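Undergrad: Mind having a look at this structure? Questions to follow.
The values are calculated or read from the model by the stated rules, or taken from the named source; none is laboratory data. This structure is a prediction, so every number in the text was calculated from the model and none was measured. Here Cβ is always computed from backbone atoms with ideal geometry, including for glycine, and neighbour counts include all displayed protein chains. Protein only, heavy atoms only, side chains kept; ligands, DNA and RNA dropped before computing areas. Shrake-Rupley method; radii C 1.70, N 1.55, O 1.52, S 1.80 Å.
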Amino acid sequence: CEPGVGQIPDTVLAVPCLPEFTGDNGGATSRGVTEDTIRIVRRTFPSSANTEAVREELAEAGFATPEDVIEIRDQFIDYLNENYELYGRRVEIIEYESQFGDSTAEALEEGREGACQDATFIAEELDAFGVIGPGIAGLGGGPGSGPFSECAAERGLVVFSGGAYFPESWYEELHPYIWNDTMDCEQVARHTAAYITNRLGDRPATYAGDPELASRTRKFGSYTPEGRRGECNDLSRQILEDGGVYDGEADTPTVRYALDISRFAEQAQRAVVQWKADDVTTVVVGSDPISLEFLTQAAEEQDYHPEWFILGTAQQDSNVFGRTYHQNQADGHMFGLSLISGTDDLYGPDSDPARLYRKLNDGEQILGGTTGALFDSVHWFNLLQAAGPELTAENLARGVQRLPPLGGGDRVRY
């Protein structure tokens, strides 16, 4: 264990290594923690029309099935249990299918009563320290929806994937119980505003597919979810108005949409009608990637060919989802920010998950379309190691503050 060496050699995202712990770990330092185990609940939802629709969309994009992901994830978790310093403990995963919650309602930031009942059951009946989730951040309510995260924090549960792309102020209110490895939307808003101000504002819409739109000075429209995530769009617009890029009265107002896949097609159609009527040249897309698929399809159907400026949220900037967009709309007309490494670094044959899978399976190749939730798992194993032997939510937060910046280097793609 030397300076600059990670706890595991398989990813640059691993925390710095620690020498092997000896001594007393304090035993039952929190609910769900014993001398030997840390109980983590994986919260999922029963199948519904909406969850099946999401599953079909993910399969079309080339993602592995949830069952295959879990099988690979469990191998990775066994490896992380063996190689992370958890001070004599091991993580024990408890599978829990929601009895009271509704995934669509929670995605819409509703359904608090059912979410709170689930949180109570997980805390009191399953005796858990923390909660993880099943899916891709930003798609569906998941275990870390706004309502569930708030209920969990009230009950002292640590949620490792809470409120993806929610405002930083929301995390501060629920500290130290709610964490995520996605950027908070206030930072996304500031990055977006800075890019538009410095690179796009008061210039022609060069990348529009319609020559007439391409000749005009950019006029921006935007697409963002309803609820707390969408509130950050207001911050971005205010920065742009203060900088003279947006005219609050003249520019098209933000189109807010509901995170309900049964309404995605209809909402996309209405948004495109509005942007086309208002001569929007450049659509700022702060949505999930499935909505972007419907938006590009609707635009093609309505012979509308703007620029598409993406923010990189929820993997909308990955090739995996990119193949689902209407290619006539995307090719040469879609650009913007990325919040992740290149697709090959996530899913390719030399990615961290692929290399680790070969290491654990005598050279066998990992199934396509999955990371085996490796990056999510490393995220919360990092937090657990950083907490030290006396595992509490408060010590976890203190440990995180002591961690150096991780990642970067030659894995970053620009």
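Undergrad: More than 27 Å from Tyr171 (Cβ to Cβ), among the hydrophobic types (A, V, I, L, M, F, W, C) and out of contact with any strand residue (DSSP E or B) (no Cβ under 6 Å at 6 or more places or on another chain): does that describe Ala258?
TA: For Ala258, the condition - more than 27 Å from Tyr171 (Cβ to Cβ), among the hydrophobic types (A, V, I, L, M, F, W, C) and out of contact with any strand residue (DSSP E or B) (no Cβ under 6 Å at 6 or more places or on another chain) - is not met.
Undergrad: Need pairs with beta-carbon distance below 9 Å; first residue more than 13 Å from Ser222 (Cβ to Cβ) and of a type in the set (S, T, N, Q) and within region 285-300, second in a helix (DSSP H, G or I) and open to solvent by 10 Å² or more (accessible area, probe 1.4 Å); sequence gap 6+ or separate chains.
TA: Pairs found: Thr296/Gln327; Thr296/Asn328; Thr296/Ala330; Gln297/Ala265.
Undergrad: Okay, next question. Among (1) at pLDDT below 95; (2) open to solvent by less than 30 Å² (accessible area, probe 1.4 Å); (3) outside any loop (DSSP other than H, G, I, E, B), there is one condition Thr11 misses while meeting the rest; what is its number?
TA: Going through the list (1) at pLDDT below 95; (2) open to solvent by less than 30 Å² (accessible area, probe 1.4 Å); (3) outside any loop (DSSP other than H, G, I, E, B), Thr11 breaks only (3).
Undergrad: Something else: Any residue in region 310-321 that is farther than 22 Å from His191 by Cβ and modelled with pLDDT under 95?
TA: Yes, region 310-321 contains at least one residue that is farther than 22 Å from His191 by Cβ and modelled with pLDDT under 95.
Undergrad: Just checking: which of the helices (runs of 4 or more DSSP H) contained wholly in region 298-395 hold 1 or more residues that are more than 21 Å from the chain's Cα centre (by Cα)?
TA: Because the criterion is at least 1 residues that are more than 21 Å from the chain's Cα centre (by Cα), the helices (runs of 4 or more DSSP H) in region 298-395 that meet it are 327-330, 352-360, 374-387.
Undergrad: Tell me which of these Thr51 doesn't satisfy, since it passes every other one: (1) closer than 24 Å to Arg402 by Cβ; (2) modelled with pLDDT under 95; (3) of a type in the set (S, T, N, Q).
TA: Among (1) closer than 24 Å to Arg402 by Cβ; (2) modelled with pLDDT under 95; (3) of a type in the set (S, T, N, Q), the lone unmet condition for Thr51 is (1).
Undergrad: When you scan region 86-118, how many residues do you find that are in contact with a Cys (Cβ under 8 Å, 6 or more places away or on another chain) and open to solvent by less than 30 Å² (accessible area, probe 1.4 Å)?
TA: The number of residues fulfilling the criteria is 3.
Residue-by-condition table, conditions (1) surrounded by fewer than 22 Cβ atoms within 10 Å (Cβ to Cβ); (2) within 17 Å of the chain's Cα centre (by Cα); (3) at pLDDT below 90:
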position: Glu173; (1), (2), (3): yes, no, no
position: Cys185; (1), (2), (3): no, yes, no
position: Ile196; (1), (2), (3): no, no, no
position: Pro204; (1), (2), (3): yes, no, no
position: Gly221; (1), (2), (3): no, no, no
position: Thr224; (1), (2), (3): no, yes, no
position: Arg229; (1), (2), (3): no, yes, yes
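Undergrad: Working only within region 33-92, note down all residues that are part of a loop (DSSP other than H, G, I, E, B), in contact (Cβ under 8 Å) with a residue 40 or more places away in the chain and over 17 Å from Ser377 (Cα atoms).
TA: Listed by number, the residues that qualify are Thr34, Glu35, Asp36, Phe45, Pro46, Ser48, Gly62, Phe63, Ala64, Tyr87, Gly88.
Undergrad: I'd like the full set of residues that are under 22 Å from Leu13 (Cβ atoms) and among the polar types (S, T, N, Q), limited to region 148-187.
TA: Ser161, Asn180, Thr182, Gln187
Undergrad: Would you please name the residue that is modelled with the lowest pLDDT, looking only at residues in region 234-265 that are hydroxyl-bearing (Ser, Thr, Tyr), in a loop (DSSP other than H, G, I, E, B) and open to solvent by less than 20 Å² (accessible area, probe 1.4 Å)?
TA: Thr252
Undergrad: When Asp278 is evaluated against the numbered criteria (1) under 19 Å from the mean Cα position of the chain (by Cα); (2) surrounded by fewer than 23 Cβ atoms within 10 Å (Cβ to Cβ); (3) not hydrophobic (A, V, I, L, M, F, W, C), which criterion, by number, is the only one it fails?
TA: (1)
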